[in-house]
Each structure stands twice: as C-alpha cells, then as structure tokens.
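One structure below.
What follows draws every value from the coordinates through simple rules; no lab data is involved. These numbers were taken from a predicted model, which means no experiment stands behind them. Neighbour counts run over all protein chains shown; Cβ positions are idealised from the backbone, glycine included.
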Amino acid sequence: MDIIIADKSHTIHAQTICDAIEAAAQVRGTGIAKRSIEYIISKMESNNAAIALEGDTFAGFCYIETWSHDKFVANSGLIVHPDFRNQGLAKKIKQVVFEHSRTKYPNAKIFSITTGLAVMKLNTALGYKPVTFSELTDEPSFWKGCQTCKNYDVLQRTTQSMCLCTGMLFDPSSKPESTSKKVKEKTFLRLKSIKQSLFLKKHKK
C-alpha cells in the first residue's frame, strides 16, 4: 500500500473519490459535504491531497483546504474505499496529510469539524482539541461548503455557532501536553444525542 501526495497523474481517480464520499454521506446520514470532481482534481493538481493506492487501485483519500489567507488549514474529505476498511488505513492517511499540512503551512492552525467518533480519536492522537466554532475560521466560503450536508439548516438556525458536528483544532503555537487524552466514547455519544434532540426532533413536521 502506497500513501503519497497526489498530483495530476492521480486525477483519473477523481470520480471514484467523489462517488465514495457521497456513498459514505448517505450511509452515515450526517456530515460529509459533497465535493465536485473539479474540486477534487484541483486539490490533486495543487498537491493539496494525499491518496492511498494498492497498485493502480484507489484505496483512500484526504485533501487540504486553506482559509483566512493560510491562517487556517483543514484536512477534509477523509475516505477509505470499502474494500480497504478495517485495516488502519484511515489513520495512516490522516497522519500523512497532517504532516504534509504542517510542512506546507507551518504556522497555520489545523482544524476539523466532524460527527464521527473515529475521526475524533484520530484527531486527538495528533494533538487536536475540541473547540467552539468561534475559534475556527470565519471565512464564509468554508461554511458555504456545508450547504450540501443534510444538516445545513441546523448551522443556519444557530447562526453558525454550532451544529451536529464537533469542532477540533490543532494550534502549532500551543505547548503539547505531556500525556495524550483519550476520547471518551460515551461522552461523545451522549453529546451527539443531546444535539440531535435539540436540533432535529423539535423541527420535524
């Protein structure tokens, strides 16, 4: 298995990646905004993505987005093809794209918004901390990208202050903690349940 920084030669996999992201969104029912094939290709051509390949077969992907004049960076669209899941590949891809982000944008704060416990665990291991949305980029174009998420109306109703996603941030200027904290699964699931009760059930017709 090779995990490398994507370039123009990998654009042949763009449609497969878009299909995989959309399929994952349908299965999870929350999160994962859709991305166009043109957008995915642009990330490859600018070397702002990591791709996992088993020979010539697509296995996984993640891309980098920059915001607020490179003050913020997001590692987004992490996806693993169903044929290669449960092998620890997501963690390896996340590590590669995180390290590439730190090398290419050394002073940027790296952030993530996610509904997934697995991604929260990966982020925590890399040094991310849970934060409020107010600590993330306020650039409208980032939040516009959430429009294709089925819960975008929640973000609008809360004036962009919260959603079902949890915000996480890695600040390169912060001192690393001596011991890493583990994500408490029960706490996360309870928080997610509370958010769903507040933002979804009350607005069902």
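Across all directions, the average projected area of the convex hull around the alpha carbons of the stretch 1-158 is 8.9 nm². D for the stretch 39-108, whole µm²/s, Stokes-Einstein with Kirkwood Rh over alpha-carbon pairs at 20 °C and 1.002 mPa s: what number? Diffusion coefficient, whole number: 171 µm²/s.
The mean sequence separation of alpha-carbon pairs under 8 Å and at least six residues apart, normalised by the residue count of the stretch 59-107, gives a relative contact order of 39 percent. The H on the amide N of GLY60, modeled in the peptide plane, is under 5 Å from the matching H of ALA52, HIS81, each at least 5 residues off or on a different chain. Backbone geometry of the stretch 45-50 corresponds, through the Karplus equation with coefficients 6.51, -1.76 and 1.60 at θ = phi - 60°, to 3J(HN,Hα) couplings of 5, 9, 6, 10, 7, 10 Hz, x marking Gly and Pro. In terms of its Cα atoms, the stretch 74-176 spans 38, 37, 20 Å along the principal axes, sorted from long to short. Between GLU38 and LYS175, the C-beta separation translates, for a Förster distance of 30 Å, into a calculated FRET efficiency of about 0.15. Site pair LYS71 and ARG157 shows an inter-label distance of 3.1 nm when each label is modelled 7 Å from Cα along Cα→Cβ.
Projecting the alpha carbon convex hull of the stretch 3-80 along each direction and taking the average yields 5.2 nm².
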